[in-house]
Amino acid sequence: MTKTIRSNCPRDCYDGCGIVAQVDAGKRARIGGDPEHPISRGSLCSKCGVAYNGVFQDETARLTTPLRRVGEKGSAEFAATSWDEALGTIADKLATIIDRHGAESILTMKYSGTLSLLAFFFPDRWVNHTGASQVDYGTICNAAGGLAWELLFGCSDKGFDPRTAKDSDCIVVWGANPSHCAPHMHRHWLKDSPASVVVIDPVRTETAAAADLHLQLRPGSDAALAFGLLHMLRDIGAFDDAFINTHTSGFDEISADIDRCTPEWTASQTGIPVADIEKAARLYAAGPALLWCGQGLQRQPMGGNVMRAAGLLPALTGNIGKPGAGFYYLNESAGIAGVDFDELTGAQLARGKPETVGALDLADRLSDPDEFRAFMVWNTNPLASCSDQQKLRVACSRDDLFTVAIDLFETDTVRYADIVLPAASFLEFDDITYSYMNLIVGAQSKVLEPIGESLPNQEIFRRLSAAMKLDEPSLYETDEAVIARLLEQCDVGYDFNELQRRGHFAVGGDEPLDLYKDLEFDTPGGRIEIASDKAEELGLPRVALPLVDEQPANGLLRLLSPASNWRMNDSYANEPRLEKRAGPAELFISAPDAERLGISHGAAVTVSNESGAIDLVAQVDDIVLPGTVLSYKGRWPSREPGDRNLNFLHAGRKCDMAESTSVHGLLVAVAPAGG
Ligand SMILES: Nc1nc2c(c(=O)[nH]1)N[C@H]1C(S)=C(S)[C@@H](COP(=O)(O)OP(=O)(O)OC[C@H]3O[C@@H](n4cnc5c(=O)[nH]c(N)nc54)[C@H](O)[C@@H]3O)O[C@H]1N2
Ligand SMILES: Nc1nc2c(c(=O)[nH]1)N[C@H]1C(S)=C(S)[C@@H](COP(=O)(O)OP(=O)(O)OC[C@H]3O[C@@H](n4cnc5c(=O)[nH]c(N)nc54)[C@H](O)[C@@H]3O)O[C@H]1N2
Ligand SMILES: [Mo]
């Protein structure tokens, strides 16, 4: 008999889809989209729909037992072992390390393999209790934008409720690519909305191609564009002086810069024709307007400044606190506002502030044998996703580094581990999901038994705590107890069984929430801080500035490596059908650049800089303009020629804020391969 079970996708994606699983005893489940879920509307995306029915349920692809290393680090030669033995070994090793060098010499690193509340946050209790060091994971992804909008708006993870688009006249999508990264928002939300859509992106993404207006600017010229748009908005009378006077501070400090950024100057800096700058300003000024700034936007050398500049649009036009208006970067603390994160993560267990390591410093710091003696990694694959790939690999090869990796699959990072622990997939345990865009809380339901001996992250850490004989009760709290409390904190109004039956809970009911209705901002002064003392204290400019990155010289090109349609970050590189769809790793290059460099469509090219070189296949395509090349992220080095991916070329340069990545700012030379 077929059972139908409702669940929700907990992966690192704006959408947050509802799932329906059809399960026949002893067979694979069929995983599809929930027709009654407002985002997925009956379908999953082209990648997850394949992977959840494929490699996620394939026991020949999954890690099924704990493993211990028997060959060289990196060789992936392992022998199966039992949970007791694996956890016993880890407990012994860590006890010795803590005894001799202190818990801070254990470096822990997690990220967003799954974002469900227990599997993501519960292991933090163990980290806090032991006092282990932590990689500051936001620095690999979105920390600069976070700090920028905290300075400006007081908060970066509370934006507009997407449902308010029904009242909007314009939606600006700035440096986000929903056609890949939020496929259902691209397909339904943007396409169905009555608003005109303006996309600001150096790449003609599918979302850009479908927009009313695409401003295809030079990468790194966004702050100039923002000031140019402000100049035009002021000219056409779209500034809201009453709003500026009442709800912002520091306007005087940018007013002269707005004057200076004439349309002609802006066009010369960004490459966008004056007429299009004017058209964009008029569309934005036509009525209530929404601004979505992507995480891709701030992954550039001056990414923090760019975010502060872009955020001035809603601030100076008063597009805040009314239906159809607003700004959005992330919505984490909006959808699950009630959750007591200190309790969930065991913040009170920490004795003092833990040592943190920025992701861009990981390779350097982990290379130092005196600083870290153990490396524990789960929910992330740094040997594919982090900068300084070669150096990180050498660091992970250290004989005196004890490495534990927890994953579903044998990733590059797993290949370097001393002990590997098999994680259960989100289809195999109950949890709570949310989206960082849509205000929805979902039931993650157990659809299948865990494959092999795999276990959910939270259970792995409970058992590790037991193996280490830790006596803190909260390390052992059951899933049921935590889930019940989370639902209470989120004010769901019913229990987990009922949530499973309904599938999801819409925060605020059927109507869009206005999260800035009261026009209160969490800044020191309670207003939108156009000029910020706090920024100055941090050694940053007081205000956003109309800066533009220097144009690449000597024939170098700017390499962007945004998200692929066929990958979830680096996940699914081992899914055969997606591997086939994605084909070999490509470099998109404009026809004029290809001609200048003697590169033909389909030819092998070498992409190089001071960090090294990788070979890709040229796609001559005008989705990029001359000066810019693009290659999608999401490759496992171990499955690529030369055992490397794009991050081999990323020396770990930080952007202007929060120690955060500038990966979309790499400069490279491109030449025919073997030339
Ligand atoms: N060149 C370039 N590099 C980039 C980026 C870029 O734009 N360009 N983007 C950066 C960004 S934004 C990010 S967020 C990072 C992401 O980089 P990573 O965090 O390394 O992303 P994934 O490779 O998907 O790693 C997630 C891992 O978690 C595993 N996993 C899934 N579910 C579970 C679970 O329940 N338990 C456990 N233990 N594991 C699980 C998956 O199998 C996968 O191996 O990459 C960054 N790297
Ligand atoms: N399919 C799929 N979905 C994903 C992911 C995935 O890997 N695959 N990753 C998830 C994760 S971890 C994250 S953080 C989000 C990220 O999702 P997004 O926020 O959409 O980020 P990216 O894909 O890195 O980049 C978005 C766009 O920024 C543009 N961009 C690059 N440089 C500049 C610039 O200088 N100026 C402007 N205006 N734009 C620029 C790129 O061309 C790209 O089209 O997506 C999540 N969803
Ligand atoms: Mo990310």
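You will find that of Leu448, Leu486, Leu464, the residue that is out of contact with any strand residue (DSSP E or B) (no Cβ under 6 Å at 6 or more places or on another chain) and assigned to a helix (DSSP H, G or I) is Leu464 and no other.
Only one entry in Leu291, Leu344, Leu362, Leu297 is within 30 Å of Tyr632 (Cα to Cα) and not assigned by TED's automatic domain parsing to the domain that holds Ser193, namely Leu362. Just one of the listed residues (Gly138, Gly145, Gly113) is under 20 Å from the mean Cα position of the chain (by Cα), in a helix (DSSP H, G or I), more than 29 Å from Glu278 (Cα to Cα) and within 16 Å of ligand 3 (Cβ to nearest atom), and it is Gly138.
If you check Asp471, Asp510, which single one turns out to be away from ligand 2 (no atom under 16 Å from the Cβ), loosely packed, with under 13 Cβ neighbours inside 10 Å, under 28 Å from the mean Cα position of the chain (by Cα) and without any contact (Cβ under 8 Å) to a residue 24 or more places away in the chain? Talk me through it step by step, then tell me what you get.
On the way: Asp471 fails: under 28 Å from the mean Cα position of the chain (by Cα).
From the options Asp471, Asp510, the qualifying one is Asp510.
Checking the condition closer than 25 Å to Pro672 by Cβ and within 16 Å of ligand 2 (Cβ to nearest atom), which residue from Leu559, Leu547 passes? When all the criteria are applied, what remains is Leu559.
Listed by first and then second residue, the pairs with beta-carbon distance under 8 Å, at least 6 apart or on different chains, first residue in region 662-675 and in contact (Cβ under 8 Å) with a residue 60 or more places away in the chain and surrounded by fewer than 22 Cβ atoms within 10 Å (Cβ to Cβ), second assigned to a strand (DSSP E or B) and acidic (Asp, Glu), are Ala673/Asp615.
Only one residue in Ala281, Ala334, Ala286, Ala275 is under 26 Å from Glu253 (Cα atoms) and away from ligand 1 (no atom under 16 Å from the Cβ), so which one is that? Walk me through how you get there before you give the answer.
Numbers: Ala334 fails: under 26 Å from Glu253 (Cα atoms); Ala286 fails: under 26 Å from Glu253 (Cα atoms); Ala275 fails: under 26 Å from Glu253 (Cα atoms).
The match here is Ala281.
Assessment of region 84-95 against the conditions (modelled with pLDDT of 95 or more and more than 22 Å from Pro422 (Cβ to Cβ)) yields at least one matching residue.
The single condition among (1) in contact with a strand residue (DSSP E or B) (Cβ under 7 Å, 6 or more places away or on another chain); (2) within 19 Å of Arg463 (Cα to Cα) that Asp92 does not meet is (1). Which of the residues that make up region 527-566 are assigned to a strand (DSSP E or B) and among the charged types (D, E, K, R)? Answer for region 527-566, where residues must be assigned to a strand (DSSP E or B) and among the charged types (D, E, K, R): Glu529, Arg558. Of note, Gly131 does not satisfy the criterion of being within 16 Å of ligand 2 (Cβ to nearest atom) and farther than 24 Å from Leu383 by Cα. When region 416-435 is filtered for residues that are in a loop (DSSP other than H, G, I, E, B) and out of contact with any Gly (no Cβ under 8 Å at 6 or more places or on another chain), the ones remaining, listed by number, are Ala417, Asp418, Ala424, Ser425, Phe429, Asp430. The helices (runs of 4 or more DSSP H) found wholly in region 148-257 and carrying at least 1 residues that are of a type in the set (Asp, Glu) occupy 206-210, 222-235, 241-247. Residue pairs whose Cβ atoms lie under 8 Å apart, separated by 6 or more positions or on different chains, with the first residue in region 206-223 and under 10 Å from Gln269 (Cα atoms) and the second of a type in the set (A, V, I, L, M, F, W, C) and within 16 Å of ligand 3 (Cβ to nearest atom), are Asp222/Leu297. Any residue at all in region 186-195 that is on the phi < 0 side of the Ramachandran plot and within 11 Å of ligand 2 (Cβ to nearest atom)? Yes, there is a match, as at least one residue in region 186-195 is on the phi < 0 side of the Ramachandran plot and within 11 Å of ligand 2 (Cβ to nearest atom).
Against the conditions (1) within 30 Å of Glu428 (Cβ to Cβ); (2) surrounded by fewer than 21 Cβ atoms within 10 Å (Cβ to Cβ), Thr380 satisfies every one except (2). Looking only at region 562-572, decide whether some residue is crowded, with 19+ Cβ neighbours inside 10 Å, more than 15 Å from ligand 2 (Cβ to nearest atom) and either of a type outside the set (A, V, I, L, M) or at pLDDT 95 or above (or both). No, because not a single residue in region 562-572 is crowded, with 19+ Cβ neighbours inside 10 Å, more than 15 Å from ligand 2 (Cβ to nearest atom) and either of a type outside the set (A, V, I, L, M) or at pLDDT 95 or above (or both).
Answer yes or no: is there a residue in region 322-334 that is at pLDDT 95 or above and of a type in the set (Asp, Glu). Show your work before the answer.
Residues of region 322-334 that are at pLDDT 95 or above, as a first pass: 322-331.
After this cut, where a residue has to be of a type in the set (Asp, Glu) as well, the list is none.
Checked region 322-334: no residue is at pLDDT 95 or above and of a type in the set (Asp, Glu).
Just checking, does region 209-218 include any residue being of a type in the set (S, T, N, Q), within 16 Å of ligand 2 (Cβ to nearest atom) and surrounded by 22 or more Cβ atoms within 10 Å (Cβ to Cβ)? Looking through region 209-218, none of the residues is of a type in the set (S, T, N, Q), within 16 Å of ligand 2 (Cβ to nearest atom) and surrounded by 22 or more Cβ atoms within 10 Å (Cβ to Cβ).
Number of residues in region 513-556 that are over 25 Å from the mean Cα position of the chain (by Cα) and closer than 30 Å to Glu595 by Cβ equals 7. In region 29-71, the qualifying residues are those that are in a strand (DSSP E or B) and of a type in the set (A, V, I, L, M, F, W, C), and the one that is nearest to Glu428 (Cα to Cα) is Ile31.
This table checks each residue for (1) in contact with a helix residue (DSSP H, G or I) (Cβ under 9 Å, 6 or more places away or on another chain); (2) free of Cβ contacts under 8 Å to residues at least 40 places away in the same chain; (3) assigned by TED's automatic domain parsing to the domain that holds Leu115.
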residue: Asp34; (1), (2), (3): no, no, no
residue: Ile39; (1), (2), (3): yes, no, no
residue: Gly49; (1), (2), (3): no, yes, no
residue: Thr60; (1), (2), (3): no, yes, no
residue: Gly71; (1), (2), (3): no, yes, yes
residue: Ala80; (1), (2), (3): no, yes, yes
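Taken over region 630-645, the criterion of being buried (at least 19 other Cβ atoms within 10 Å of the Cβ) and either more than 17 Å from the chain's Cα centre (by Cα) or away from ligand 1 (no atom under 11 Å from the Cβ) (or both) is satisfied by Leu630, Ser631, Trp636, Pro637, Ser638, Glu640, Arg644, Asn645. Taking region 346-384 as the range and being free of Cβ contacts under 8 Å to residues at least 40 places away in the same chain and under 20 Å from Thr139 (Cβ atoms) as the test, the residues that pass are Lys353, Ser367, Asp368.
Go through the residues of region 118-130 one by one and say whether even a single one is at pLDDT 95 or above, assigned by TED's automatic domain parsing to the domain that holds Ala484 and not in a helix (DSSP H, G or I). Before you say what the answer is, go through the steps one by one.
As a first pass, look at region 118-130 and keep what is at pLDDT 95 or above: 118-130.
This time we only want the ones that are assigned by TED's automatic domain parsing to the domain that holds Ala484, so: 118-130.
Those left that are additionally not in a helix (DSSP H, G or I): 122.
Yes: region 118-130 contains one or more residues that are at pLDDT 95 or above, assigned by TED's automatic domain parsing to the domain that holds Ala484 and not in a helix (DSSP H, G or I).
The values are calculated or read from the model by the stated rules, or taken from the named source; none is laboratory data. Quick caveat: nothing in here was measured; it's all calculated off a predicted structure. Here Cβ is always computed from backbone atoms with ideal geometry, including for glycine, and neighbour counts include all displayed protein chains.
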